[in-house]
Amino acid sequence: MPSNVRIPLLVAFCFVLSGAVRAAEEPLPADVLLECDGLRIQAAPIYQIERAYLERVRKTQPDFNLTGDERESFRRERAWEFVERAMLKKYAAEHKLVPVPAEVETEFQARKKEIESYGESLAEFYADRAIDEAEHRQMIGVMQAVRKKFQDEVTKAELDEYLKVMDPKVLPLRSFSHIKFGFQGAKECNSTRTREEAKQKAEEVLAKLKAGGDFAKLAAEFSDCPSKNMGGEMGWLAHEKYQLAEKLYALEKVGEVSADIVESDYGFHILKFTGVKTPEEAAREFMGNAKFEQFQTQLRQDCMPKGRFNTAAVTAELPKAAPAPSETKKP
C-alpha cells in the first residue's frame, strides 16, 4: 500500500480509537447506577428497594441504618439482580422459550400463599424488589421456561449414570401436606399447650377428617405451622430426609391421609400424601435445576467484567422519596 494512503488510514484509525476511549471514559448519567453490555440499570428503583428495606427493619430497630460500605454493597447486589433478570428474559426470547400459562398461575398462587404465610404482604414483597404483579408473573414464567429447557437437555446417559451412583431414597419422590399441633418443649414451637392437650386436639381434627372434613380448611384453622396458609402444603420430601418421611412413605395412594396421628420433635402431625415422582423424573429435575443454577452463576460472571458502576450513585446518601401524586402541591 502506498505511503500516502497508509498515513491517512492510520490517522483515521487513531481518531476512531481515541473516540472509543473517550466514550468509554464518559461518565454515566446521574440517574444510571450500572451499565452492563448496553443495559442501563436506573438508580431510582435501587433506591426504592433500599427505602423499603430500611422501613421494614426500622419497625423493630428504629435507629437502624446502613454504613457507607453496607450501602454500596447493597446497591451493587440489587443492581446485578436487575441485570440477571434482564439477561434471563433476553435468553428466553432468543431461544423462543414460552411458559405454560396454567403452570405460571399455579406457581404464582403458591408463591403468593408462601409470602403471606411469613406475614409479608404482596405489596411489601414487591416494594422490596421494585416490581409489580405483572413483572412477578413474567419472571415466574421466564424461570419456568428456562429451567425446563435445561431439564429437557439432560440426556438418558446422564440420568442412567446419576441413578447408578445415587440412592433413590435421597431423591424427593413424594409431596405432602400436614397439620401440626405443637406443645411446650417441642422444637420451633411457642405453644402453651401441654403434650396431652396437643395430642387430644390432633385426634379431634383427625376425627373431623375421617368424617369428610376438608384437609386444607382444617390445616388453615388448626395447624401451628406457617404452611397453614397454603393448606398445609410442605412440598417434596426424600425418603431419608426428615423424621416424617418413614410415615409418609408408608402411605400407599395419592390423597391418602395418615390413619393415626404421628409424633416428631416438632409436635404431632396429621399427614396427607399429595404427589409422587419416579426416580427418573426427580433425577432429571434435580440435574436440570443444577445446570440452571450454574447457568445463572455464569451469566453474572460473564457480565461483571463488562459492568461499569456510577460511583456517585452507588455511594450517595439515600435521596428522599418523591411525594405521592396526591401529596404534591399544585402550583
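Worth pointing out:
- Residue that is outside any helix (DSSP H, G or I) and more than 17 Å from W236 (Cβ to Cβ), where the choices are D260, D302: D260
- Test result for E116, farther than 25 Å from Y91 by Cβ and assigned by TED's automatic domain parsing to the domain that holds K90: yes
For (1) aromatic (F, W, Y); (2) modelled with pLDDT of 90 or more; (3) assigned to a loop (DSSP other than H, G, I, E, B); (4) under 26 Å from T106 (Cα atoms), each residue gets a yes or a no:
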residue: N229; (1), (2), (3), (4): no, no, no, yes
residue: Q243; (1), (2), (3), (4): no, no, yes, no
residue: K247; (1), (2), (3), (4): no, no, no, no
residue: K253; (1), (2), (3), (4): no, yes, yes, yes
residue: L271; (1), (2), (3), (4): no, yes, no, yes
residue: T274; (1), (2), (3), (4): no, yes, no, yes
residue: E281; (1), (2), (3), (4): no, yes, no, yes
residue: R284; (1), (2), (3), (4): no, yes, no, yes
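- Candidates A238, A198, A145, filtered to the one that is at pLDDT 90 or above and closer than 16 Å to L271 by Cα: A198
- Looking across segment 192-244 at every residue that is among the acidic types (D, E) and out of contact with any Phe, Trp or Tyr (no Cβ under 9 Å at 6 or more places or on another chain), the one that is farthest from G275 (Cα to Cα) is identified as E221.
- Among the numbered conditions (1) more than 17 Å from S264 (Cβ to Cβ); (2) without any contact (Cβ under 8 Å) to a residue 60 or more places away in the chain; (3) surrounded by 19 or more Cβ atoms within 10 Å (Cβ to Cβ), the only one that K208 does not meet is (3).
- K217 under 30 Å from the mean Cα position of the chain (by Cα), outside any loop (DSSP other than H, G, I, E, B) and touching a residue at least 24 places away in the same chain (Cβ under 8 Å): no
- Failed item in (1) in contact with an Asp or Glu (Cβ under 9 Å, 6 or more places away or on another chain); (2) surrounded by fewer than 19 Cβ atoms within 10 Å (Cβ to Cβ), with N229 passing the rest: (2)
- There is no residue in segment 127-138 that is in contact with a helix residue (DSSP H, G or I) (Cβ under 6 Å, 6 or more places away or on another chain) and β-branched (V, I, T).
- Condition check for T106: polar (S, T, N, Q) and over 27 Å from C225 (Cβ atoms): no
- The set of residues in segment 137-170 that are in contact with a Lys or Arg (Cβ under 8 Å, 6 or more places away or on another chain) and not hydrophobic (A, V, I, L, M, F, W, C) comprises Q138, Q151, E153.
- In this structure, L97 qualifies as surrounded by 15 or more Cβ atoms within 10 Å (Cβ to Cβ), outside any helix (DSSP H, G or I) and among the hydrophobic types (A, V, I, L, M, F, W, C).
- Cβ separations smaller than 6 Å between residues 6+ apart or across chains give the following pairs from segment 171-191 residues that are assigned by TED's automatic domain parsing to the domain that holds L218 and buried (at least 23 other Cβ atoms within 10 Å of the Cβ) to residues that are polar (S, T, N, Q) and in a loop (DSSP other than H, G, I, E, B): I179/S223; K180/S223.
- Test: residue in segment 48-66 that is in contact (Cβ under 8 Å) with a residue 24 or more places away in the chain, hydroxyl-bearing (S, T, Y) and either at positive phi or crowded, with 17+ Cβ neighbours inside 10 Å (or both): no
- The residues listed here are A130, A86, A102; of these, the one that is under 28 Å from Q151 (Cα atoms), in contact (Cβ under 8 Å) with a residue 12 or more places away in the chain, outside the structural domain of S227 (by TED's automatic domain parsing) and small (G, A, S) is A86.
- Residue check for F125: of a type in the set (F, W, Y) and modelled with pLDDT under 95: yes
- So L159, is it surrounded by fewer than 18 Cβ atoms within 10 Å (Cβ to Cβ) and not polar (S, T, N, Q): yes
The values are calculated or read from the model by the stated rules, or taken from the named source; none is laboratory data. Treat the numbers as computed from the prediction; the structure is a model and nothing was measured. Every residue, glycine among them, receives a Cβ derived from its backbone with ideal geometry; neighbour counts consider all protein chains shown.
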